[in-house]
């Protein structure tokens, strides 16, 4: 089925489809409003140009209606990252061949002073837009599962964001999968607070509601302090996340009645085991965390029995390959302390050996697409290793290797060890140049409690699976970690900051911090 099929099937359905703090829509109303927008947009587009329509908005009704209008099949939506600025924002629009840009009062100031070329900009709060929205049927269209529905930019944690081609199938398949996996149905209310210009909100929040006819409750911007009150206000039974939102919600003051809420399931990725457990216990729900990306070609799932700290179990065809030899890496060898002794051999790149999966390529970027699809396999750019029992463990990004005293180290295992300390709330491990050769290990910490230098030294002494070369040389205690709009850490910004403002420095040949 396509998004158009799913929408038109609900054109006469009077159950709730969309809730905000200001008003609500039934499915009948939502499909009618999306159809009028699709018709209006069709009349504005130049048929000689790609029919790409940028959406530069928070999670407003116009944003969701804009996605629905594109889903009816007459044009392609472009999710515009509202955290981008200046020339970077302009470059995103040009790279995606946007010819019409819809924005609103809260975001249009981001366009001030930018050279947008021939891109037409319309404020969706203006009289101009209101005059265009007359009742009309959706334009004739016959999209297939492989038809382009949307362009979603990657987070840009490892460089310039790339526009991922999102087909109808990349929405309908996750919609079915999550509905089936979590038992979601038409009476559920999906709380969507992650940005709709990114894949998590679209594929994990909106898609299953579209598939099963449930209700979407929209929050314009994620707010940790308002999370629980929103869940209760909307009667939300399901929510999605990416990155650190669970951490932020858990940082709010706990109340005795926190579990008195309708939430049943929370689904997302990149949450730590400690937060997954604490969130489920505090709010009386079940948290399901998985591993994936906007490209959606490599999937590793946390299933029953997943060891603490492990990424999970790989889907069929997912393996760990050495990018140099293009062969599968050997399994990790652990010593009596649980320390991996053969990182140089066992750590490789997560790949989909069967092909592209649902990855349909990057738009207007054949070189980046070719880099992902080397040798007919999808290379994720994520490092991992696999233990003898088959579990996959994350080791960082391909750009996250450190070379310390001639030994390769991966950042993710060091981060997992540091996160065992109860005073550490968030951590990012990264490389800084060694004054002689190679790298030194640095760690930026966000604390949730008091931590002294001698306490950190003692704690690290007790971690038997921490390699001596992996013990951070530099510690920065910070208020916040630099993150993308989807809460992923920007390690390159930490590396660029260097060591000028470090909190503690470890003795070169010792363990004490000063």
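Residues of the range 354-380 that are within 27 Å of residue 411 (Cβ to Cβ) and in contact with a helix residue (DSSP H, G or I) (Cβ under 9 Å, 6 or more places away or on another chain): 359, 362, 365, 378, 379, 380.
Yes or no, residue by residue, for (1) surrounded by fewer than 22 Cβ atoms within 10 Å (Cβ to Cβ); (2) in contact with a strand residue (DSSP E or B) (Cβ under 6 Å, 6 or more places away or on another chain); (3) in contact (Cβ under 8 Å) with a residue 24 or more places away in the chain; (4) closer than 16 Å to residue 179 by Cβ:
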residue	(1), (2), (3), (4)
202	no, no, yes, yes
213	yes, no, yes, yes
218	no, yes, yes, no
221	yes, no, yes, no
225	yes, no, yes, no
228	yes, no, yes, no
235	yes, yes, yes, no
238	no, yes, yes, yes
248	yes, no, yes, no
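So which of 472, 482 is without any contact (Cβ under 8 Å) to a residue 40 or more places away in the chain, closer than 28 Å to residue 248 by Cα and touching a helix residue (DSSP H, G or I) at 6+ places or on another chain (Cβ under 9 Å)?
Numbers: 472 fails: without any contact (Cβ under 8 Å) to a residue 40 or more places away in the chain.
Going through 472, 482 in turn, the sole match is 482.
Cβ-Cβ below 9 Å, separation at least six or inter-chain, first residue in the range 92-113 and on the phi < 0 side of the Ramachandran plot and surrounded by fewer than 19 Cβ atoms within 10 Å (Cβ to Cβ), second modelled with pLDDT under 95 and assigned to a helix (DSSP H, G or I): which pairs? Here the result reads 110/86; 110/89; 111/89; 111/90, each pair linking the range 92-113 to a residue that is modelled with pLDDT under 95 and assigned to a helix (DSSP H, G or I).
Here residue 169 meets each of (1) within 16 Å of residue 76 (Cα to Cα); (2) touching a strand residue (DSSP E or B) at 6+ places or on another chain (Cβ under 8 Å) with one exception, condition (2). Has the range 44-60 got any residue that is in the same structural domain as residue 215 (by TED's automatic domain parsing), in a helix (DSSP H, G or I) and touching a helix residue (DSSP H, G or I) at 6+ places or on another chain (Cβ under 8 Å)? Yes: the range 44-60 contains one or more residues that are in the same structural domain as residue 215 (by TED's automatic domain parsing), in a helix (DSSP H, G or I) and touching a helix residue (DSSP H, G or I) at 6+ places or on another chain (Cβ under 8 Å).
Kindly indicate whether any position in the range 308-326 is without any contact (Cβ under 8 Å) to a residue 40 or more places away in the chain, in contact with a strand residue (DSSP E or B) (Cβ under 6 Å, 6 or more places away or on another chain) and assigned by TED's automatic domain parsing to the domain that holds residue 177. Within the range 308-326 (the criterion being without any contact (Cβ under 8 Å) to a residue 40 or more places away in the chain, in contact with a strand residue (DSSP E or B) (Cβ under 6 Å, 6 or more places away or on another chain) and assigned by TED's automatic domain parsing to the domain that holds residue 177), the answer is no, since none of the residues qualifies.
The values are calculated or read from the model by the stated rules, or taken from the named source; none is laboratory data. These figures come from a predicted structure and were not determined experimentally. Note that we place each Cβ from the backbone using ideal geometry, even for glycine, and neighbour counts take in every protein chain shown.
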